[in-house]
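Accompanying notes for the structure given below.
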Ligand SMILES: Cc1cc2nc3c(=O)[nH]c(=O)nc-3n(C[C@H](O)[C@H](O)[C@H](O)COP(=O)(O)O)c2cc1C
Ligand code: SF4
Ligand code: SF4
């Protein structure tokens with residue numbers, strides 16, 4: 001390493017990887033993936049990982065991607081709940097890794113709910 | 001990218017309670033479930049709550065599991081990691097609320113703490129330099145080398161008000177200035193990681209949890225004072241710390257953060273480790289220097305001070321591990337940030353190793369000026385078994401006790417000195433009503449007698465004579481005259497010993513005499529040990545509550561108890577070895593100690 005720029009490059013690369021350990025729960029955007037047996041069977045794991053990859057790729061370090069148990073509507077799994085700070089939670093159903101990119105871009109980055117994937121549209 | 005990180009404490013405490021096996025089991029289990037690409041297991045330094053080890057924390061949820069056992073691992077993986085269901089029975093009970101789990105920083109143990117020196121302990125993997133850099137590591141060295149002159153660095157440290165954390169509390173900036181001012185072709189920077197105070201493990205934890213913080217600070221110090229070589233003097237009894245420090249030094253060299261021409265600014269600096277054999281006196285600065293030079297670790301008179309004539313006769317800057325651990329933060333956040341914490345003359349924070357009769361034994365870092373009450377009751381969780389707080393000892397064998405009626409003292413260098421104790425390096429031992437203060441003084445004196453290097457008579461012979469007097473008192477053979485003799489001897493030892501070991505060795509006796517003289521008097525006049533500790537002065541007796549169940553007689557290891565079934569039993573005082581077994585066993589509380 002010869003310059004501060006090289007040091008900064010390592011720092012930025014690592015920051016994306018370690019900021020999962022920072023506890024900024026209050027202002028964080030929360031993405032919760034239902035991961036009970038039904039969710040896993042329906043393919044929740046690839047969805048969870050897609051959220052992790054997609055938010056990291058865009059350097060969205062205020063997003064906390066976590067999982068929970070059964071959300072309760074098994075036939076609509078994989079289910080994902082997204083909560084922006086100070087707003088009502090939005091529930092997406094029958095998620096796939098392909099849908100994740102759009103949800104991240106529209107909802108998390110541009111704050112526009114992707115209505116057609118939500119539970120309201122499915123019911 | 002990993003979607004979850006499992007941080008497992010790899011400090012000495014949790015390592016001995018089995019954390020390495022837990023890490024292996026976690027990795028095995030994750031692999032079995034095909035999760036090794038999704039979940040990362042990180043071995044960190046000490047979290048502080050050593051009483052609850054082995055400890056782990058799972059992010060992003062921040063779930064804090066305590067007392068984890070090998071057999072819990074499959075459940076943690078299949079429930080928490082796979083299904084997202086936190087394993088509640090393993091959560092640290094303080095973090096469990098009705099609304100779910102709360103952040104660790106909100107718990108009583110952490111709420112009043114402020115982590116500066118320990119900021120990365122329990123957060124990063126100490127064996128991975130990239131993680132240290134990810135949390136801002138080596139930015140301070142970069143800043144110093146590219147933007148500041150050596151004098152500017154020294155001025156910042158001076159302005160911060162930082163004082164040495166090794167015990168003496170000497171202003172760090174001033175020490176740097178003296179070393180910088182000394183003219184020489186060669187200078188050295190040294191780090192004191194001897195940590196000989198019994199019960200102390202602050203420095204070990206910093207080196208185990210965040211070794212790069214010390215390396216980076218030593219390089220900064222080298223730049224400030226004009227030294228190109230550093231030494232870390234650490235006791236060989238700290239194998240994990242030694243190993244992680246060596247890994248960190250190797251990684252820093254590989255990245256060019258140690259070595260020649262760092263950041264291409266023409267500054268060279270490298271560090272070597274020197275192992276000590278674990279003698280308390282080798283923590284004294286001149287003995288430490290003699291020991292690094294390869295000689296027997298004995299103190300020599302000062303002046304000359306190490307800043308003028310230290311290692312190999314060259315000007316040497318010596319600071320303590322924790323002192324160094326503050327440096328990078330002062331450089332990055334500015335001296336004012338640091339000076340805003342603490343009291344008028346003691347700035348910043350101090351790490352303490354909490355031990356003795358306290359619920360949350362472990363490692364804590366508090367702002368200077370926190371009261372002893374807050375440390376014991378809020379952070380430490382109070383005294384176990386509903387016992388009463390009697391006193392706390394700070395400064396180990398060189399320090400003194402703080403009695404219960406001074407519990408609201410604000411902890412800083414000057415307040416502790418003014419009541420006859422001292423900050424010391426950070427051991428804090430809590431004592432309850434069942435502790436005999438004469439016995440405590442004896443414990444510390446046994447230690448100093450053992451550790452005196454023997455070079456000068458007042459310390460070598462004086463401490464031995466003092467210990468004999470103390471033994472006389474605890475054996476019940478002491479007189480009031482002996483107490484006066486002890487006091488006089490203490491002052492002689494203090495005023496005529498060569499080094500700090502001898503000069504401070506009588507402190508535990510003097511301070512217990514100051515605050516608990518009545519206990520000494522009880523030993524010599526009433527021939528009683530009020531706390532019931534000194535064996536020669538206690539008697540076990542069976543009272544008429546005894547129903548003759550024979551349980552005590554069957555459990556006495558020396559058959560000192562006799563009596564017929566259903567009749568009151570008696571203890572033969574000449575046979576009794578005062579082990580206390582009978583008293584613990586008796587279901588009718590018929591046996592008393594007086
Ligand atoms: C008997 C004795 C033992 C000491 N042990 C230590 C020790 O284990 N660690 C330490 O940092 N300082 C110890 N010191 C204090 C050192 O002599 C020295 O003051 C200190 O390392 C300076 O660093 P600081 O200014 O950063 O505190 C000891 C002093 C004496 C007299
Ligand atoms: S005071 Fe004690 S430890 Fe210090 S030089 Fe004298 S004998 Fe050695
Ligand atoms: S104190 Fe111990 S030795 Fe003494 S009578 Fe009780 S059990 Fe026996």
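The values are calculated or read from the model by the stated rules, or taken from the named source; none is laboratory data. Here the structure is a predicted model, which is why all the values come from computation and not from measurement. Glycine also receives a Cβ, built like all others from the backbone with ideal geometry; neighbour counts cover every protein chain displayed.
Residues being surrounded by fewer than 14 Cβ atoms within 10 Å (Cβ to Cβ) and within 16 Å of ligand 3 (Cβ to nearest atom): count how many of those fall in the stretch B:542-572.
Here the count works out to 8.
Here are some conditions: (1) within 14 Å of chain A (Cβ to nearest Cβ); (2) touching a strand residue (DSSP E or B) at 6+ places or on another chain (Cβ under 6 Å). Residue B:131 meets all but one. Which one does it not meet?
Answer for residue B:131: the failing condition is (2).
Quick check: anything in the stretch B:147-159 within 11 Å of chain A (Cβ to nearest Cβ), away from ligand 2 (no atom under 16 Å from the Cβ) and either more than 20 Å from residue A:20 (Cα to Cα) or touching a strand residue (DSSP E or B) at 6+ places or on another chain (Cβ under 9 Å) (or both)?
The answer is yes; a qualifying residue exists.
Which residue pairs have Cβ atoms closer than 9 Å, lie 6 or more positions apart in sequence or on different chains, and pair a first residue in the stretch B:285-304 that is without any contact (Cβ under 8 Å) to a residue 24 or more places away in the chain and over 23 Å from residue B:169 (Cβ atoms) with a second residue that is part of a loop (DSSP other than H, G, I, E, B) and within 13 Å of ligand 1 (Cβ to nearest atom)?
The qualifying pairs are B:290/B:297; B:290/B:298; B:290/B:299; B:290/B:300; B:296/B:453.
Just to check your reading of the model, which residue among B:558, B:533 is away from ligand 2 (no atom under 16 Å from the Cβ), assigned by TED's automatic domain parsing to the domain that holds residue B:585, on the phi < 0 side of the Ramachandran plot and not in a helix (DSSP H, G or I)? Even if it seems obvious, please write down each step before you answer.
Values: B:533 fails: assigned by TED's automatic domain parsing to the domain that holds residue B:585.
None of the others qualify; the one that does is B:558.
Sort out which residues of the stretch A:6-36 are more than 30 Å from residue B:263 (Cα to Cα) and more than 7 Å from chain B (Cβ to nearest Cβ), and write them in order of number.
A:24, A:26, A:27, A:28, A:29, A:30, A:31, A:32, A:33, A:34
Scan the stretch B:55-65 and give yes if some residue there is touching a helix residue (DSSP H, G or I) at 6+ places or on another chain (Cβ under 9 Å), away from chain A (no Cβ under 14 Å), touching a residue at least 12 places away in the same chain (Cβ under 8 Å) and surrounded by 20 or more Cβ atoms within 10 Å (Cβ to Cβ), otherwise no.
Yes: the stretch B:55-65 contains one or more residues that are touching a helix residue (DSSP H, G or I) at 6+ places or on another chain (Cβ under 9 Å), away from chain A (no Cβ under 14 Å), touching a residue at least 12 places away in the same chain (Cβ under 8 Å) and surrounded by 20 or more Cβ atoms within 10 Å (Cβ to Cβ).
So which residues in the stretch B:389-419 are under 20 Å from residue B:170 (Cβ atoms) and in a loop (DSSP other than H, G, I, E, B), if there are any at all?
Scanning the stretch B:389-419 gives B:395, B:399, B:411, B:412.
Can you confirm whether residue B:21 is touching a residue at least 12 places away in the same chain (Cβ under 8 Å), surrounded by fewer than 22 Cβ atoms within 10 Å (Cβ to Cβ), in contact with a helix residue (DSSP H, G or I) (Cβ under 7 Å, 6 or more places away or on another chain) and not in a loop (DSSP other than H, G, I, E, B)?
yes
Results for (1) out of contact with any strand residue (DSSP E or B) (no Cβ under 9 Å at 6 or more places or on another chain); (2) more than 22 Å from residue B:5 (Cβ to Cβ), shown as yes or no for each residue.
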{"residue": "A:21", "(1), (2)": "no, no"}
{"residue": "A:45", "(1), (2)": "no, no"}
{"residue": "A:54", "(1), (2)": "yes, no"}
{"residue": "A:59", "(1), (2)": "yes, no"}
{"residue": "A:78", "(1), (2)": "no, yes"}
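Go through (1) at pLDDT 95 or above; (2) surrounded by fewer than 22 Cβ atoms within 10 Å (Cβ to Cβ) one by one and return the number of the condition residue B:35 breaks.
(1)
How many residues does the stretch B:371-388 hold that are touching a residue at least 40 places away in the same chain (Cβ under 8 Å), in a loop (DSSP other than H, G, I, E, B) and closer than 28 Å to residue B:54 by Cβ?
The qualifying residues number 4.
Just to be sure I understand, how many residues within the stretch B:444-462 are in a helix (DSSP H, G or I) and in contact with a helix residue (DSSP H, G or I) (Cβ under 6 Å, 6 or more places away or on another chain)?
Here the count works out to 9.
I'd like the full set of residues that are farther than 20 Å from residue A:21 by Cα, away from chain A (no Cβ under 12 Å) and in contact (Cβ under 8 Å) with a residue 40 or more places away in the chain, limited to the stretch B:70-87.
Across the stretch B:70-87, the qualifying residues are B:70, B:73, B:74.
Test each condition in (1) more than 16 Å from ligand 1 (Cβ to nearest atom); (2) in a loop (DSSP other than H, G, I, E, B) for residue B:332 and report the one that comes out false.
Condition (2) is where residue B:332 drops out.
Scan the stretch B:198-216 and give yes if some residue there is on the phi > 0 side of the Ramachandran plot, surrounded by fewer than 24 Cβ atoms within 10 Å (Cβ to Cβ) and more than 16 Å from ligand 1 (Cβ to nearest atom), otherwise no.
No, the conditions are met nowhere in the stretch B:198-216.
Determine, yes or no, whether residue B:441 is within 21 Å of residue B:357 (Cβ to Cβ), in a helix (DSSP H, G or I) and either within 16 Å of ligand 3 (Cβ to nearest atom) or modelled with pLDDT of 95 or more (or both).
Considered against the rule, which asks whether it is within 21 Å of residue B:357 (Cβ to Cβ), in a helix (DSSP H, G or I) and either within 16 Å of ligand 3 (Cβ to nearest atom) or modelled with pLDDT of 95 or more (or both), residue B:441 comes out as yes.
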